Amino acid sequence: MLVLGIESSCDETGAAVVRDDGLVLSDVVQSQIDLHARYGGIIPELAARDHLRSFGPVVTEALAKASVTLADLDVIAVTCRPGLVGALLVGVQAVKGLAWASDKPLVGVDHLVGHILSVFLRRGEKSPEPPTFPFVSLLVSGGHTALYRVDGPHVSLMRELGATRDDAAGEAFDKVAKLLGLGYPGGPAIDRLAAQGRAGSVPFTRPMARIDSLEFSFSGLKTQVAQLVEREGVPTSGERLADICASFQDVVTDTLQRKLFRAAEEQGVNQVVIGGGVAANRGLRARVTAEAEKRGMRAVLPELASCTDNAAMIAYAGAMAFARGDRAGFDLAATSRTSLPQGTRKGRGAR
Ligand SMILES: Nc1ncnc2c1ncn2[C@@H]1O[C@H](COP(=O)(O)OP(=O)(O)OP(=O)(O)O)[C@@H](O)[C@H]1O
Ligand SMILES: [Mg+2]
């Protein structure tokens, strides 16, 4: 089965052609980072307008790179939730036109399900051997941070075990980077600097370390960095900056890793996966790999291109949804909320 996937939930316009065994035939991502960088964050109206400009060229390029035409496709999949509604709407409405014109079936995909299933994508020789079900997935992206038990490749077979009560891990990376004058998006910059610094040299308190829970909280950690910058100013020395980045990243990745393996233990599963933009973080990848080895468990890490937003993961999730009978009509709507059941109440409970 051949699927065209379309992604426009945030600041990346993506189109990809993927086979239902996970083989990626093409994956085109048009990033809007430069457009939003000068504002230090994403401006929803600018994002929607840029998706509109990019949609046609990105789809044309994805089909050409895969050497297929619309007629060769079995189904078209589009991200319809969660995300910026104006941005999502562009992809959803444009895809209805494509599906109507080519007489192909349409399926709506939850962007988070795409991130969770991104470990199944195969881009080349070095692609990881995919996990088998069940496994526990740590989804760490710009807007979400949560743990899921995954019993199969469909939203109905995924259950949230715990999520963040406030900021997402990626959001914490981005906000801390902004405080440190590192620009947007901050994750890759902190990752780079952390490799040169000394983890633990700046004493940050670990979030939610005192209570036995699979929930996360990162806003307090961000405040700790804000207070440090207030006390000593934005670091001018490269060494100090690297130490702050290394210490911050160490606390975040240690928290993520501990809860991921605690969840796997509680669920009695021996495979863990990660997904989302922060899954590209070198510190997190090394930690998860080492801990799995120590425990005799299997950790599957998506390739870097599969971590941050891409349409290949949407195409694959769409293939799985289509195979289970999901179909969307021309009334498919874009919504800001995920379809995954959410158990964690924002801002609630002891820390
Ligand atoms: N190497 C890295 N280390 C840490 N964070 C990273 C790295 N690379 C990317 N990120 C972070 O990943 C986030 C972007 O990920 P992604 O594209 O999955 O998020 P999103 O699509 O904006 O959010 P969501 O998927 O929740 O809607 C940003 O917050 C970015 O800083
Ligand atoms: Mg994303």
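The values are calculated or read from the model by the stated rules, or taken from the named source; none is laboratory data. This one's a predicted model, so the numbers in the text were calculated from it and none came from an experiment. Please note: Cβ atoms are built from the backbone with ideal geometry, for glycine as well, and neighbour counts cover all protein chains shown.
Tabulated results
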read-out	value
Any hit, segment 73-90, residues being in contact with a Phe, Trp or Tyr (Cβ under 9 Å, 6 or more places away or on another chain) and either within 14 Å of ligand 1 (Cβ to nearest atom) or within 30 Å of Asp254 (Cβ to Cβ) (or both)	no
Residues of segment 145-157 that turn out to be of a type outside the set (A, V, I, L, M), surrounded by fewer than 24 Cβ atoms within 10 Å (Cβ to Cβ) and touching a helix residue (DSSP H, G or I) at 6+ places or on another chain (Cβ under 8 Å), as a count	4
Criterion (among the charged types (D, E, K, R), surrounded by fewer than 24 Cβ atoms within 10 Å (Cβ to Cβ) and within 30 Å of Phe218 (Cβ to Cβ)) met by exactly one of Arg327, Arg345	Arg345
Any hit, segment 264-274, residues being under 21 Å from the mean Cα position of the chain (by Cα) and of a type outside the set (Val, Ile, Thr)	yes
When residues of segment 207-231 are limited to those that are assigned to a helix (DSSP H, G or I) and free of Cβ contacts under 8 Å to residues at least 12 places away in the same chain, the one nearest to Asp166 (Cα to Cα)	Thr223
Odd one out for Asp74, checked against (1) in contact with a Leu (Cβ under 6 Å, 6 or more places away or on another chain); (2) surrounded by 20 or more Cβ atoms within 10 Å (Cβ to Cβ); (3) within 27 Å of Gly152 (Cβ to Cβ)	(2)
Selection from segment 54-80 of residues that are within 15 Å of Leu2 (Cα to Cα) and either out of contact with any Lys or Arg (no Cβ under 9 Å at 6 or more places or on another chain) or at pLDDT below 95 (or both)	Val59, Ala62, Leu63, Ala64, Lys65, Ala66, Ser67, Val68, Thr69, Asp72, Ala77
Only one of His36, His51 that is modelled with pLDDT of 95 or more, assigned to a helix (DSSP H, G or I) and within 30 Å of Gly181 (Cβ to Cβ)	His51
Condition broken by Asn310, with the remaining ones in (1) assigned by TED's automatic domain parsing to the domain that holds Lys96; (2) over 28 Å from Ala169 (Cα atoms) satisfied	(2)
Candidates Ala62, Ala94 - the one that is closer than 21 Å to Ser118 by Cα, in contact with a strand residue (DSSP E or B) (Cβ under 9 Å, 6 or more places away or on another chain) and away from ligand 2 (no atom under 16 Å from the Cβ)	Ala62
Residue ID - farthest from ligand 2 (Cβ to nearest atom), chosen from residues in segment 271-287 that are surrounded by 24 or more Cβ atoms within 10 Å (Cβ to Cβ) and among the aliphatic types (A, V, I, L, M)	Val272
Filter result for the condition that a residue is surrounded by fewer than 19 Cβ atoms within 10 Å (Cβ to Cβ), under 28 Å from Arg149 (Cβ atoms) and in contact (Cβ under 8 Å) with a residue 40 or more places away in the chain, over Glu61, Glu129	Glu129
Residue list for segment 279-313, restricted to those being away from ligand 1 (no atom under 11 Å from the Cβ), part of a helix (DSSP H, G or I) and within 16 Å of the chain's Cα centre (by Cα)	Ala305, Ala312
Test for Arg258: is it surrounded by fewer than 18 Cβ atoms within 10 Å (Cβ to Cβ), closer than 21 Å to His144 by Cα and free of Cβ contacts under 8 Å to residues at least 12 places away in the same chain	yes
Boolean, Thr335 is in a helix (DSSP H, G or I), under 19 Å from the mean Cα position of the chain (by Cα), more than 12 Å from ligand 1 (Cβ to nearest atom) and not charged (D, E, K, R)	no
Some residue of segment 242-265 being of a type in the set (Val, Ile, Thr) and away from ligand 1 (no atom under 16 Å from the Cβ)	no
